[in-house]
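**Q** Pasting a structure below so you can have a look.
The values are calculated or read from the model by the stated rules, or taken from the named source; none is laboratory data. Keep in mind it's a predicted model, so treat the numbers as computed, not measured. Reconstructed Cβ throughout: ideal geometry from the backbone, glycine too, with neighbour counts over all protein chains shown.
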Amino acid sequence: MSTSVDFIEFAADQAAGTGAVRYRKMFGEYMLYVDDRPLLLVCDNVAYVKIREETASLLADAPVGPPYAGAKDHYILDIENRDLVHDVIRALLPVTPIPVKKSKKKKED
């Protein structure tokens with residue numbers, strides 16, 4: 001099962017008010033970005049947060065699990081708890097870099 005458009009839109013709505021929120025489909029699932037920083041991985045209608053020191057106290061009681069086969073465990077975020085979603089995003093924004101776009105190599109003749 002993959003993430004539904006309704007669910008990712010709900011997740012984006014829950015994150016609204018924390019910055020510029022957008023999402024992007026990746027490998028059949030979604031990444032939710034705030035201010036161009038990849039913060040939430042959404043797979044099978046579940047929001048995942050990378051396990052980091054900055055969110056440990058906020059998500060101490062959250063379940064953990066891999067978002068897909070072969071992935072490291074992530075916190076499973078209660079996306080329905082808007083206050084928690086905002087707290088997690090506020091904790092992650094200062095420590096999550098904006099991805100650098102890789103330049104395409106020029107084709108040599």
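**Q** Within region 11-58, which strands (runs of 3 or more DSSP E) (wholly inside it) include 1 or more residues that are of a type in the set (S, T, N, Q) and at pLDDT 95 or above?
**A** Those strands (runs of 3 or more DSSP E) do not exist here; none qualify.
**Q** Within region 67-82, how many residues are out of contact with any helix residue (DSSP H, G or I) (no Cβ under 8 Å at 6 or more places or on another chain) and within 17 Å of Leu32 (Cα to Cα)?
**A** 5
**Q** So, one more: Select from region 1-23 the residues that are touching a strand residue (DSSP E or B) at 6+ places or on another chain (Cβ under 8 Å), without any contact (Cβ under 8 Å) to a residue 40 or more places away in the chain and farther than 24 Å from Ile98 by Cα and list them in ascending order.
**A** Phe7
**Q** Are any residues in region 26-53 free of Cβ contacts under 8 Å to residues at least 24 places away in the same chain and either surrounded by 13 or more Cβ atoms within 10 Å (Cβ to Cβ) or of a type in the set (S, T, N, Q) (or both), and if so, which ones?
**A** Met31, Tyr33
**Q** Confirm whether Glu9 is surrounded by fewer than 13 Cβ atoms within 10 Å (Cβ to Cβ), under 14 Å from the mean Cα position of the chain (by Cα) and among the acidic types (Asp, Glu).
**A** So Glu9 passes the test.
**Q** Return yes or no: is Asp87 surrounded by fewer than 18 Cβ atoms within 10 Å (Cβ to Cβ), touching a Leu at 6+ places or on another chain (Cβ under 6 Å) and not in a loop (DSSP other than H, G, I, E, B)?
**A** Here the answer is yes, as Asp87 does meet what is asked.
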